[in-house]
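Novice: Here it is, the structure, as structure tokens.
The values are calculated or read from the model by the stated rules, or taken from the named source; none is laboratory data. Treat the numbers as computed from the prediction; the structure is a model and nothing was measured. Positions of Cβ are generated from backbone atoms using ideal geometry, with glycine treated the same way; all protein chains shown enter the neighbour counts. Areas reflect the complete protein model, heavy atoms only, side chains present, ligands, DNA and RNA absent. Shrake-Rupley method; radii C 1.70, N 1.55, O 1.52, S 1.80 Å.
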Amino acid sequence: MAVLWVILALLGLLVLLLLVAVVRTLLLPSKKSTYIPKPDPERAMELAKKLSRMVRYDTVSVPDTDQREKFLGFHQILEELFPLVHARLEKTEIDGNLLFFWKGKSSDKPLVLMSHQDVVPAEGTWQHGPFSGDIENGLIWGRGTSDTKCSVMAFFQAVEELLAAGYVPENDVYLSSSCTEEWSGDGCPKLVNELKRRGVRPWLVCDEGGGVITDPMGGVKGNFAMLGVFEKGRANVRFTAKSGGGHASAPPAHSPIARLSAFVNEVETKRVFRRKLPKEVAAMFETLAPYASFPMKLIFSNLWLFRPILLQVLPAISSQAGAMIRTTAAFTMQSGSDAFNVLPQEATLGANLRFIPHQGMEESLRILQKLADKHKLTMDVVIANDYTQPVDIHGEAFQTVQRTVERTFPGCPSSPYVMTGATDSRFYQDICENIVRFAPVVYGPMQMKGMHGIDETIGISCLPGAVDFYKNLIDAVR
């Protein structure tokens with residue numbers, strides 16, 4: 001009888017807590033994202049033509065290859081498109097990587113605007129040639145339109161327009177653009193080393209990463225400025241299983257591929273990495289809650305109650321959101337025997353890891369090493385770097401970016417966001433505490449699908465807003 005009363009009491013408490021959560025949700029005013037790019041067809045087309053010219057120049061970067069001459073050709077196009085920038089700013093070119101310096105009234109709060117020149121290879125069959133730069137149906141087509149020549153064009157154009165108006169920035173401004181970002185090369189580190197040599201410590205770095213994302217998650221509709229506040233770490237790891245080989249007609253137990261498969265199955269099906277809601281992700285959910293449909297609003301606005309459930313179901317609901325709460329391991333490469341009837345003497349498996357701050361590089365790699373030992377595999381770390389330090393979302397620099405979003409994109413809410421990918425801005429950690437990853441263009445479903453894929457595009461209508469964002473940000477750093 002006593003047990004029954006305990007059960008009933010717990011059920012009653014649960015009902016009470018759910019009732020409190022529902023009431024709190026009903027009392028939370030609902031909001032809508034109302035931002036859409038303001039029509040400015042003449043200016044948008046002028047900018048589209050500049051971006052089209054940049055896209056038509058093939059800047060695919062090849063790992064560990066000297067491509068300086070290729071990028072010097074691209075620089076000539078930039079000089080033609082943005083003559084005032086090249087005439088009045090101090091230009092430094094290092095092996096195809098660019099750094100421009102615009103002297104401000106003060107050097108107290110240096111601002112770095114950055115994005116990369118290089119693009120990934122364009123494979124497959126495209127509706128428009130990947131380096132056509134075609135302008136059609138309100139879109140610019142081609143590799144690099146959204147990742148990220150749009151940003152390069154926008155901040156160069158912003159400075160071009162400000163120079164034409166006789167504007168002098170309150171603080172020093174740097175334009176930084178590497179040509180090795182897509183393969184994590186040494187381009188950006190060379191630019192950072194140059195700033196170190198000059199003794200420059202940027203107050204704010206604004207790179208790609210986030211963006212004005214359309215419908216950022218299920219139940220949340222509209223355009224939202226998602227501001228990347230830190231990047232997960234990453235590693236490429238190779239696992240190897242060895243045996244004596246032999247004929248496939250008499251297979252032994254625990255062959256190399258079987259051991260690798262058992263290892264993959266354990267990582268995929270067991271919870272080997274700890275789940276936790278970083279404060280930045282919690283802030284994202286709380287920010288988006290008023291804009292969400294009622295079920296999501298109920299959960300997002302009551303994390304005090306639903307956090308344990310959210311941690312359980314989030315990876316199943318959204319792989320992107322799930323990656324924000326745990327270290328991930330994606331198995332991407334595998335090799336074994338070259339013949340159907342030959343057992344491999346050696347089989348390998350490649351994995352790409354992304355480390356979360358609450359379980360960083362060292363701990364995550366130790367977990368995988370222990371599992372590899374269990375399945376009699378060797379583990380070799382090819383490359384690895386840990387997560388970046390988060391920007392203070394309550395600090396002046398982050399709030400400056402938020403205010404600039406409000407000024408530039410009326411009706412567009414902004415929210416912290418965790419970068420699950422990698423950008424060049426991580427190399428600025430040594431000299432800057434405030435790094436915000438935000439490309440001020442609209443990324444709808446088509447743009448998200450085309451990035452690093454087929455039919456990459458960007459909408460023409462969002463280009464004026466991108467230019468104005470950089471102009472406003474330069475003016476806001478005082």
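Novice: If a/c stays under 1.5 just call it rounded; otherwise compare a/b with b/c (prolate if a/b is bigger, oblate if not). Do that for the range 234-282, with a ≥ b ≥ c from the square roots of the Cα gyration tensor eigenvalues.
Specialist: Judged from the Cα gyration tensor, the range 234-282 comes out prolate (a/c at least 1.5, a/b above b/c).
Novice: Of all the Cα-Cα pairs you can form in the range 415-478, what percent are over 15 Å apart?
Specialist: 67 percent
Novice: Give the relative contact order (percent, whole number) for the chain; include only Cα pairs under 8 Å separated by 6+ residues.
Specialist: Value for the chain: 26 percent.
Novice: A follow-up question, please. Using alpha carbon coordinates only, what is the Rg to Rh ratio of the range 363-478, with Rh defined as the Kirkwood radius?
Specialist: A ratio of 1.10.
Novice: Would you kindly compute the Cα radius of gyration of the range 299-364 and its largest Cα-Cα separation (Dmax), both in Å?
Specialist: Using the Cα atoms of the range 299-364, the pair Rg, Dmax is 18.2, 58 Å.
Novice: Report the Cα-based extents of the range 201-309 along its three principal axes, largest first, to the nearest Å.
Specialist: 63, 43, 24
Novice: To the nearest 20 debye, what is the magnitude of the charge dipole of the range 34-123 about its Cα centre, counting +1 on the Cβ of each Lys and Arg and -1 on the Cβ of each Asp and Glu?
Specialist: It comes to approximately 560 debye.
Novice: Something else about it: In the calculated pair distance distribution of the range 298-437, what percentage of Cα-Cα distances lie above 25 Å?
Specialist: 49 percent
Novice: Calculate, axis by axis, the spread of Cα positions in the range 40-132 along the three principal axes, and write the results as whole Å, longest axis first.
Specialist: Principal-axis extents of the range 40-132 (Cα, largest first): 50, 42, 22 Å.
Novice: Still on this model: So for the range 67-220, what percent of the C-alpha to C-alpha distances run longer than 18 Å?
Specialist: Taking all Cα-Cα pairs of the range 67-220, the fraction more than 18 Å apart is 63 percent.
Novice: Counting each DSSP H run of 4 or more residues in the chain as -39500 (n - 2.57), what helix-only mean residue ellipticity at 222 nm follows after dividing by all residues, to the nearest 500 deg cm²/dmol?
Specialist: -12500 deg cm²/dmol
Novice: Compare the peptides 98-109, 336-347 by average per-residue count of other Cβ atoms within 10 angstrom and give them in order, highest first.
Specialist: 98-109, 336-347
Novice: In addition: For the range 72-114, place one equal point scatterer on every Cα, skip the solvent, and apply the Debye formula. What is log10 of I(q)/I(0) at q = 0.33 Å⁻¹?
Specialist: Computed log10 I(q)/I(0) values: -1.28.
Novice: While we're looking at this one, here's another question. Any idea of the accessible area per residue across the range 223-264, 1.4 Å probe, to the nearest Å²?
Specialist: Accessible area per residue: 37 Å².
Novice: When the expected Rg is taken as 2.2 N^0.38 Å, what fraction or multiple of it is the alpha-carbon Rg of the chain?
Specialist: 1.09
Novice: While we're on this one: Viscosity 1.567 mPa s, temperature 4 °C: give me the Stokes-Einstein translational D for the range 138-282 in µm²/s, with Rh taken as the Kirkwood radius over C-alpha pairs.
Specialist: 61 µm²/s
Novice: Another question about this same structure. Going highest first, how would you order 441-450, 172-181, 362-371 by mean Cβ packing within 10 Å?
Specialist: Packing order, densest peptide first, comes out as 172-181, 441-450, 362-371.
Novice: Which of the three applies to the range 161-236, rounded, prolate or oblate, going by the alpha-carbon gyration tensor with a ≥ b ≥ c and a/c under 1.5 meaning rounded?
Specialist: oblate
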